[in-house]
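*Asks:* Shown below is the structure under consideration.
The values are calculated or read from the model by the stated rules, or taken from the named source; none is laboratory data. These numbers come from a predicted model, not from an experiment. A quick note on method: Cβ atoms are made from the backbone with ideal geometry, for glycine too, and the neighbour counts reach across all protein chains shown.
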Amino acid sequence: MDKRNFLRQVSLLGLTASPFLANLEKLLSSVEHLSPAELAADEDFWDKIRASYKLKPDYINLENGYYCFLPEETLEHFINHVREVNYQGSHYMRTVQWDNKKKVAAKLAEMAGCGSDELIITRNTTESLDTVIGGVHWKKGDHAVIANTDYGAMRNMFKLVENRYGIKTTAIDVPLHPKNDEEIVEVYEKAITKKTRLLMVCHIINVTGHILPIRKICDMAHAKGVDVMVDGAHAFGQFNFSIDDLNCDYYGTSLHKWLSVPLGAGFLYVKKGNVPKVWPMFAEGKRDEHDISVLNHTGTHPCHTDLGIANAIDYHNAIGADKKEARLRFIQNYWTDKVRDIDHVILNTPKERHRSCGIANVGIKGMKPADMAKTLMDKYKIFTVAIDGAGVHGCRISPNVYTTTKELDVFVEALKDMG
């Protein structure tokens, strides 16, 4: 977003632009001569962004993949929303609740690059994708393709529909270090049969940070008459893309990860024309069969979280999506470049720059991931998460825009010391 325009936006419930956004405009003006790639290495700039987060001093947090906690800017807006909704009570719920949710959904759709009539707000990726997995009009003998590195909740949902409807599922192994995109596409293509109805693929594999060639996979699957559902839990808000450009049929994500929205927010995209293919998880009243809202019956829910989404988007846009992506790529490459050639270090993330962004996975030869994570925390005060399965053995490292190169230097020295 143009820095001259983002301050003119007015948030929901009458909240206007904050002092942080005003200060950020001045900060951006001072570095406007720098490209996103150049700014990515400017530690002074990112130290000022870091100041908008309240960080625990007990350890270095390199585990933002589960939940990217809120900058103080977004947190204060969220608290104000909780107070305002509580103040208005049932009057708010019966008058403007749904209008505001539609406005937020439209704002999300604009950021995602899809139609506002193709997107609904959910609680998380699991709810979004399980709605599709459980809602497809399955028949006995139907087939689905997934990957062993797909998230467990979705793999479990496929097991449920296997037992319920008698479908079959094939799980493939995505190559950790592919020679090219075609190698990845071919693995999925070989698993497709004449009975295949749905293919699930991660936009970015959560355990390794590997970004997959989604458009090529979608085009291949569509040529064979197969719908594609994309798990974008870690993609949205981490790097730039447009859902329309992906050409997928369904897309689900969690907003409390890389967009730093309050906990319990996500969205589901359903390509126009596909809504009738999915049975709703919960019954709605009579609607047009193409109305995506039939998939979004939630009952009474914490609508102040919906409002916080708009503020998180404002924060994301204020920094700039290109600048944020460049910084996340920079800090990941900053530490991986320093350890990739160390004998006792195993990197489970592709070396090619375009195949990853902020997330990477690293292991130590002869050390179990759980022991590695414990040692990092107990000895070096570095918080990570152990990954041990589907051919991936190491710790997932997911820094954020507030992470400094000095912190990553501590991590690099720890890895060297653990050999």
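*Asks:* Select, from 129, 108, the only residue that is within 13 Å of residue 229 (Cβ to Cβ) and surrounded by 18 or more Cβ atoms within 10 Å (Cβ to Cβ). Show your work before the answer.
*Replies:* Numbers: 108 fails: within 13 Å of residue 229 (Cβ to Cβ).
Checking each option against the conditions leaves just 129.
Conditions (1) assigned to a loop (DSSP other than H, G, I, E, B); (2) modelled with pLDDT of 95 or more, marked per residue:
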site: 20; (1), (2): no, no
site: 24; (1), (2): no, no
site: 29; (1), (2): no, no
site: 33; (1), (2): yes, no
site: 45; (1), (2): no, yes
site: 65; (1), (2): yes, yes
site: 83; (1), (2): no, yes
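For (1) charged (D, E, K, R); (2) closer than 25 Å to residue 247 by Cα; (3) in contact with a Cys (Cβ under 6 Å, 6 or more places away or on another chain); (4) not assigned by TED's automatic domain parsing to the domain that holds residue 195, each residue gets a yes or a no:
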position	(1), (2), (3), (4)
101	yes, no, no, no
123	yes, yes, no, no
126	no, yes, no, no
129	no, yes, no, no
142	yes, yes, no, no
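*Asks:* Can you tell which of 78, 69 is at pLDDT below 95 and either of a type in the set (Lys, Arg) or not assigned by TED's automatic domain parsing to the domain that holds residue 397 (or both)?
*Replies:* 69
*Asks:* Determine, yes or no, whether residue 211 is surrounded by 23 or more Cβ atoms within 10 Å (Cβ to Cβ) and either closer than 30 Å to residue 107 by Cβ or modelled with pLDDT of 95 or more (or both).
*Replies:* So residue 211 fits the description; yes.
*Asks:* Only one residue in 237, 252, 232 is in contact (Cβ under 8 Å) with a residue 24 or more places away in the chain, on the phi > 0 side of the Ramachandran plot and buried (at least 23 other Cβ atoms within 10 Å of the Cβ). Which one?
*Replies:* That would be 237, the only listed residue that is in contact (Cβ under 8 Å) with a residue 24 or more places away in the chain, on the phi > 0 side of the Ramachandran plot and buried (at least 23 other Cβ atoms within 10 Å of the Cβ).
*Asks:* Now for a different question. Output the residue which, of all residues in region 242-262 that are part of a loop (DSSP other than H, G, I, E, B) and within 13 Å of the chain's Cα centre (by Cα), is nearest to residue 71 (Cα to Cα).
*Replies:* Once the filter is applied, the top-ranked residue is 260.
*Asks:* Give me the pairs: first residue in region 96-115 and under 16 Å from residue 236 (Cβ atoms), second residue acidic (Asp, Glu) and modelled with pLDDT of 95 or more, beta-carbon distance under 8 Å, and six or more apart or on different chains, which are they?
*Replies:* Every condition considered, the pairs that remain are 104/306; 109/118; 113/244; 113/245; 114/244.
*Asks:* It is to be established whether one or more residues within region 65-74 are in contact (Cβ under 8 Å) with a residue 12 or more places away in the chain, surrounded by 15 or more Cβ atoms within 10 Å (Cβ to Cβ) and in contact with a strand residue (DSSP E or B) (Cβ under 6 Å, 6 or more places away or on another chain).
*Replies:* yes
*Asks:* Do you know which residues across region 229-249 are touching an Asp or Glu at 6+ places or on another chain (Cβ under 7 Å) and within 16 Å of residue 126 (Cα to Cα)?
*Replies:* Correct list: 229, 231.
*Asks:* Then there is this: Can you tell me which residue in region 367-406 is surrounded by the fewest Cβ atoms within 10 Å (Cβ to Cβ), limited to those that are aromatic (Phe, Trp, Tyr) and not in a strand (DSSP E or B)?
*Replies:* Out of the qualifying residues, it is 380.
*Asks:* Let me ask something additional. Collect the residues in region 311-361 that are surrounded by fewer than 23 Cβ atoms within 10 Å (Cβ to Cβ) and in contact with a Cys (Cβ under 8 Å, 6 or more places away or on another chain), keeping them in residue-number order.
*Replies:* 325, 329
*Asks:* Need pairs with beta-carbon distance below 6 Å; first residue touching a residue at least 24 places away in the same chain (Cβ under 8 Å) and within region 399-419, second surrounded by 13 or more Cβ atoms within 10 Å (Cβ to Cβ) and among the polar types (S, T, N, Q); sequence gap 6+ or separate chains.
*Replies:* 400/64
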